[in-house]
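This report refers to the structure that appears directly beneath it.
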Amino acid sequence: MFRLLDIELHKLKYSRSAKILTITYFILITFIALIASIEFDLGQIHFRLADQGIFNFPFIWHFNSYIAALLKLFLAIVIVSMMSNEYSNRTLKQNLIDGLSKKEFVLSKFLTVVLFSIISTLFLIVVSLILGYSFSDYTEFSIVFSDMEYLLGYFIKLLGFFSFCMFIGILIKRSAFALGFLFIWWVLENIVNGILTWRIFRDSDIADNIVQFFPLASMSNLVVEPFSRLNFIQTAASQIGSELDKDYGVHWYQLLIVLVWTFLFVFLSYKLLKIRDL
Amino acid sequence: METILTLNNLTKKYGPLTAVKNLSFTIHKGNVYGILGPNGSGKSTTLGMVLNVVNKTSGEYHWFDGKDSTHEALKQVGAIIEHPNFYPYMTARQNLALVCKIKGINSHKIEEKLEIVGLLDRKDSKFRTFSLGMKQRLAIASALLNDPEILILDEPTNGLDPQGIHQIREIIRRIASEGTTILLASHLLDEVEKVCTHVVIIRKGEKLYSGRVDEMNASHGFFELRASNLQKLESILVSHPSIGKVTNSEGLVTAILEEPMDAETMNSFLFENGIVLSYLNKRKESLEEQFLQLTNQTSH
């Protein structure tokens with residue numbers, strides 16, 4: 001296992017673009033801290049975002065997982081190109097000739113995906129702890145380490161998304177087209193979602209029940225937007241008379257759906273590699 | 001003799017097209033083999049199949065004694081197919097270090113192998129800055145890293161300038177002289193003749209000949225004859241038991257021998273039958289004519 005990881009990391013560590021994108025990604029996660037400095041001065045009203053409780057434990061776990069997950073696109077580029085470059089440089093062929101099996105090849109890529117997800121999650125934990133201890137109103141141990149399921153959600157979300165990237169990298173073979181495909185897929189899911197929700201199944205939950213099985217939708221369901229949980233938004237909502245009752249939890253069946261997709265993407269990558277002549 | 005690779009009725013179909021048809025041959029340790037055939041005859045497809053990058057349609061092949069899986073066996077094989085494929089952003093040394101990791105061997109031989117192919121002074125240059133000849137030599141160095149049981153080369157001199165071709169051939173010859181088994185695919189007869197001891201000739205995916213290079217030329221030769229009465233000459237030649245096919249092209253009669261016969265015997269035989277020759281020449285086919293004959297025999 002470490003041999004396979006070692007092989008893949010050897011390929012990545014000499015690639016300048018992969019290095020720049022990865023470093024950018026981790027620096028941007030630390031920039032979540034900058035949100036703390038957002039301030040508005042509207043005459044009488046002095047508004048500082050950090051004071052609105054976004055960095056309060058345990059809410060910070062939810063908030064930071066959501067924001068950090070937005071940045072996953074940077075690593076997605078690295079992963080898509082580490083797959084498709086093997087085709088465009090024809091190095092996949094050479095790897096196989098040198099004695100790597102197709103299974104080992106896919107496994108070495110997937111292990112890298114797992115490693116990226118683990119490092120991202122650990123990094124996020126550290127950043128959140130630092131931010132939380134600096135700004136949170138509550139720092140009791142039991143509060144700090146509650147609601148940690150958002151981190152699990154974040155990890156699985158990254159794992160599923162990166163596996164998806166890995167699969168389309170193999171499927172499309174060209175990194176630019178693969179990223180384009182990823183975008184088109186996202187648009188398609190939204191269009192289908194729109195049609196189901198507003199045309200076919202109006203006024204019922206059926207659309208949501210179907211859409212939650214789509215790959216990208218299932219991943220985004222894992223960590224839903226945290227903004228409407230904030231006090232001032234809740235207050236504003238109740239003032240205009242609308243009640244926000246949204247389910248913010250991370251549920252086991254949502255995790256399961258994404259894990260099934262992850263398995264499918266890895267399995268299909270392998271199958272695709274197996275049937276293709278190089 | 002120890003066998004290295006065995007092919008048994010290996011077949012590859014691309015849709016309706018059959019690229020390789022029931023190909024069987026065996027490679028023994030210590031010889032230099034050539035797979036010879038025109039472009040598109042299925043050489044690369046055959047190598048692709050045994051190297052695990054092209055899926056076979058039917059048939060069998062196995063490496064060594066057939067106990068290991070193909071990808072395990074390939075760790076003891078050094079192979080280059082067509083273009084040299086490396087990571088353009090890595091240096092020569094980094095690329096070879098990666099190959100060592102894949103093959104699961106120590107990387108201490110990198111410098112030694114770079115020395116063999118004359119690239120030691122460029123070991124820290126990025127692969128993308130290399131010329132085609134250098135890329136090809138790096139590929140050979142990479143194939144040699146594990147001191148392979150067999151070295152497989154697919155058109156190693158394709159696209160190189162004369163100097164590059166010469167360098168590559170010198171390297172191959174040196175490796176062969178050290179006793180490494182070599183399998184060389186080429187469409188250049190001259191190359192195979194210069195380097196190989198055994199040859200497998202394929203055309204349109206079918207095997208036409210396999211055996212030693214020197215035995216390939218083991219025919220009894222042929223006569224080229226000219227006389228004033230060509231019709232009589234031809235009819236008398238056909239009647240002789242040692243003569244096979246007789247052809248006439250523009251006044252020059254060619255008689256192919258099926259048994260050995262020297263020019264003197266031929267001359268006196270014809271003279272006894274009332275024919276006076278104006279031209280007599282006994283020849284053996286060059287390997288090139290033999291090759292063209294072999295590769296053409298099924299085309300019409």
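See the values below:
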read-out	value
Residues B:THR26, A:THR22, sorted so that the one with the fewest Cβ neighbours within 10 Å comes first	B:THR26, A:THR22
Efficiency of FRET from Cβ geometry, A:LEU152 and A:ARG48, R₀ 45 Å, rounded to 0.05	0.90
Dipole magnitude of the protein assembly as shown, debye to nearest 20 (Cβ charges: Lys/Arg +1, Asp/Glu -1, about Cα centre)	340
Gain on full stretching of the segment that runs from A:SER142 to A:ALA237 - 0.36 nm per residue minus C-alpha separation	31.2 nm
Computed over the protein assembly as shown, Cα set: Rg, Dmax in Å	34.9, 132
Entries in A:LYS19/A:LYS93; A:LYS93/B:LYS43; B:LYS75/B:LYS135; B:LYS113/B:LYS204; A:LYS102/B:LYS21 that, when Cα-Cα distance is taken, lie over 28 Å	B:LYS113/B:LYS204
For A:81-92, mean number of other protein chain Cβ atoms within 10 Å	2
Label-point separation, A:TYR133 to A:PHE31 (7 Å along Cα→Cβ), nm	2.6
Share of pairwise Cα separations in chain B, more than 34 Å, in percent	36
Inter-site label distance for A:SER88 and B:PHE269 at 7 Å from Cα along Cβ, in nm	6.8
Sequence of B:LEU17, A:LEU71, B:LEU119 once ranked by neighbouring C-beta atoms within 10 Å, starting from the fewest	B:LEU17, A:LEU71, B:LEU119
Segment A:111-254 - charge dipole about Cα centre, Lys and Arg +1 at Cβ, Asp and Glu -1, debye rounded to 20	760
Subset of B:LYS13/B:LYS126; B:LYS29/B:LYS101; A:LYS109/B:LYS109; A:LYS11/B:LYS207 violating a 30 Å alpha-carbon distance limit	B:LYS13/B:LYS126; A:LYS11/B:LYS207
Two-site FRET efficiency, A:GLN212 against B:LEU120, from Cβ-Cβ distance with R₀ of 60 Å, rounded to 0.05	0.50
Distance in nm between pseudo-label sites at A:LEU188 and B:ASN31 (7 Å out along the Cβ direction from Cα)	5.3
Alpha carbon convex hull of segment A:2-275, projected area averaged over orientations, nm²	17.7
Residue of B:ALA141, B:ALA19, B:ALA255 that the Gaussian network model of chain B assigns the largest fluctuation, springs spanning Cα pairs under 10 Å	B:ALA255
Chain A: angle of helix A:175-195 to the longest principal axis, Cα-based, in degrees nearest 10	50
³J(HN,Hα) computed for each position of segment A:65-76 - Karplus, 6.51 cos²θ - 1.76 cosθ + 1.60, integer Hz, glycine/proline x	4, 5, 5, 5, 5, 5, 7, 4, 4, 5, 6, 4
Highest-MSF residue in chain A out of A:LYS19, A:LYS109, A:LYS246 [GNM, Cα springs under 10 Å]	A:LYS246
From phi via Karplus (6.51, -1.76, 1.60), per-residue ³J(HN,Hα) for segment B:98-113 in Hz, x at Gly/Pro	5, 4, 4, 5, 5, 7, x, 10, 5, 8, 6, 8, 4, 5, 4, 6
q = 0.09, 0.10, 0.16 Å⁻¹: log10 I(q)/I(0) that the Debye formula gives for segment A:125-278, counting C-alpha atoms only	-0.43, -0.52, -1.09
Per-selection Kirkwood Rh - segment B:105-145 (Cα, Å, 1 d.p.)	10.2
Rounded tilt (10° steps) of A:2-13 against the dominant C-alpha axis of chain A	80
Order of A:GLU140, B:GLU289, B:GLU178 under a 10 Å beta carbon neighbour criterion, fewest first	B:GLU178, A:GLU140, B:GLU289
Pairwise FRET efficiency - B:THR129 versus A:LEU256, Cβ, R0 = 51 Å, nearest 0.05	0.55
Karplus 3J(HN,Hα) series, Hz, for segment B:202-213 with 6.51 cos²θ - 1.76 cosθ + 1.60 (x for Gly, Pro)	10, 8, 6, x, 10, 6, 9, 8, 8, x, 6, 5
Options A:GLY99, A:LEU256, A:LEU188, ranked by Cα towards positive dipole end of segment A:2-275, top entry (Cβ charges)	A:GLY99
C-alpha center-to-center spacing [segment A:1-59, segment B:35-54] in angstrom	50
Helix A:252-275 vs. chain A, principal-axis angle (Cα, 0 to 90°, nearest 10)	20
Descending principal axes extents, segment B:222-284, alpha-carbon based, whole Å	26, 24, 19
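Just so you know, all these numbers are worked out from the coordinates, no wet-lab data involved. What you are looking at is a predicted structure, and each value in this text was computed from that prediction instead of being measured. For neighbour counting, all protein chains shown are included, and Cβ atoms are generated from backbone atoms with ideal geometry for every residue, glycine included.
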